[in-house]
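The values are calculated or read from the model by the stated rules, or taken from the named source; none is laboratory data. Just so you know, these numbers come straight off a predicted model, no measurement behind them. Neighbour counts run over all protein chains shown; Cβ positions are idealised from the backbone, glycine included. Side chains included, ligands, DNA and RNA excluded: accessible areas come from the protein's heavy atoms. Shrake-Rupley method; radii C 1.70, N 1.55, O 1.52, S 1.80 Å.
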Amino acid sequence: MKKVSNPIDEILGRYKPARREDLIPILQEIQEKEGFISEQAIIRVGNHMKLSTTKIYGLATFYDQFRFKPKGLLHLVVCNGTACYLNGAGAILKKIREELGIEPGETTRDGRFSYDVVTCMGGCSNGPLILVAGEFLTGVKPEDITSILGSLKKNTTSENI
Ligand code: FES
C-alpha cells in the first residue's frame with residue numbers, strides 16, 4: 001500500500017532542515033499549494049526549520065505576500081499599479097475597504113469575500129482594473145463598487161462559485 005503524504009510534508013521534504021534561507025521559499029510554496037498558510041503549516045515549518053512558531057509568524061507577516069486565512073468564495077484582485085493608481089485605484093480600494101470591512105489579504109467573517117492588491121495586470125490602458133471570478137472589470141470607478149459588490153453578494157452561494 002502506498003503511503004499518501006501531506007502536501008506540506010512533501011514540500012518540506014525537498015528542503016534540508018534548519019536552513020533559514022529556505023524559509024521564505026518554503027512559505028511561498030505552501031501558499032502556492034494550499035492557497036494560504038495555516039497554523040498547522042506554521043507549526044510544521046517551525047519543526048523543520050528549528051524555529052519557534054512566533055518567529056516564523058513574525059517573519060512571514062513582514063512580507064505582505066503571505067495570507068493566513070483561506071481566500072473568500074469570491075476573491076477580488078485589485079490593481080494599484082502606477083497607471084491604475086493615477087486613474088483612481090486608491091479611491092476604489094478605499095471604497096472596497098469600507099464596504100467589506102477588511103484589509104487586503106483578509107477574508108470577511110462570512111467567508112464570502114477577500115481581496116488582494118497587485119501592481120499591474122497588464123491592462124494599464126483599461127484601468128483601473130479588478131479581476132473577479134476570472135473576469136476583468138475595466139475602467140472601474142469608486143462609485144461602481146457598491147453595485148459591483150452588491151450584485152456579487154446577491155449571486156454568491158457556495159454552489160455557483
Ligand atoms: S497598472 Fe493596472 S493594469 Fe497596469
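Each row is one residue, and each column tells you yes or no for (1) at pLDDT below 90; (2) open to solvent by 70 Å² or more (accessible area, probe 1.4 Å); (3) over 15 Å from the mean Cα position of the chain (by Cα).
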site: 16; (1), (2), (3): no, yes, yes
site: 22; (1), (2), (3): no, no, yes
site: 34; (1), (2), (3): no, yes, no
site: 50; (1), (2), (3): no, yes, yes
site: 53; (1), (2), (3): no, no, yes
site: 64; (1), (2), (3): yes, yes, no
site: 101; (1), (2), (3): no, no, yes
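Does any residue of the range 144-159 turn out to be open to solvent by less than 40 Å² (accessible area, probe 1.4 Å), touching a strand residue (DSSP E or B) at 6+ places or on another chain (Cβ under 9 Å), in a loop (DSSP other than H, G, I, E, B) and within 16 Å of the ligand (Cβ to nearest atom)?
no
Which of the residues belonging to the range 103-161 are touching a helix residue (DSSP H, G or I) at 6+ places or on another chain (Cβ under 6 Å) and more than 17 Å from residue 84 (Cα to Cα)?
Hits for the range 103-161 are 108, 113, 149.
Give the residue that is farthest from the ligand (Cβ to nearest atom), with candidates limited to residues of the range 69-82 that are surrounded by fewer than 17 Cβ atoms within 10 Å (Cβ to Cβ) and at pLDDT 95 or above. Steps first, answer last, please.
First pass over the range 69-82, keeping only residues surrounded by fewer than 17 Cβ atoms within 10 Å (Cβ to Cβ): 69-70, 77, 82.
Next, from what is left, pick out any that are at pLDDT 95 or above: 77, 82.
Working: 77: 10, 82: 6 Å.
If we take residues in the range 69-82 being surrounded by fewer than 17 Cβ atoms within 10 Å (Cβ to Cβ) and at pLDDT 95 or above, then 77 is farthest from the ligand (Cβ to nearest atom).
Starting from residues that are part of a loop (DSSP other than H, G, I, E, B) and of a type in the set (A, V, I, L, M, F, W, C), keep the ones in the range 68-94 and report whichever is farthest from the chain's Cα centre (by Cα). Let's see the steps before the verdict.
Taking the range 68-94 as the starting set, the residues that turn out to be part of a loop (DSSP other than H, G, I, E, B) are 68-73, 80-81, 87-88.
Checking the rest, the ones that are also of a type in the set (A, V, I, L, M, F, W, C) come to 68, 73.
On the way: 68: 9, 73: 12 Å.
Only one residue tops the list, namely 73.
Tell me, which residue of the range 104-128 that is open to solvent by 50 Å² or more (accessible area, probe 1.4 Å), touching a strand residue (DSSP E or B) at 6+ places or on another chain (Cβ under 9 Å) and more than 12 Å from the ligand (Cβ to nearest atom) is nearest to residue 141 (Cα to Cα)?
Looking at the filtered set, the residue picked out is 104.
Taking into account only those residues within the range 129-143 that are open to solvent by less than 50 Å² (accessible area, probe 1.4 Å) and not in a strand (DSSP E or B), which is farthest from the ligand (Cβ to nearest atom)? Reasoning before the result, please.
First, pick out the residues of the range 129-143 that are open to solvent by less than 50 Å² (accessible area, probe 1.4 Å): 129-132, 137, 139-140, 142.
From the residues that got through so far, the ones that are not in a strand (DSSP E or B) too are 129, 139-140, 142.
On the way: 129: 5, 139: 11, 140: 11, 142: 15 Å.
Residue satisfying both the conditions and the ranking: 142.
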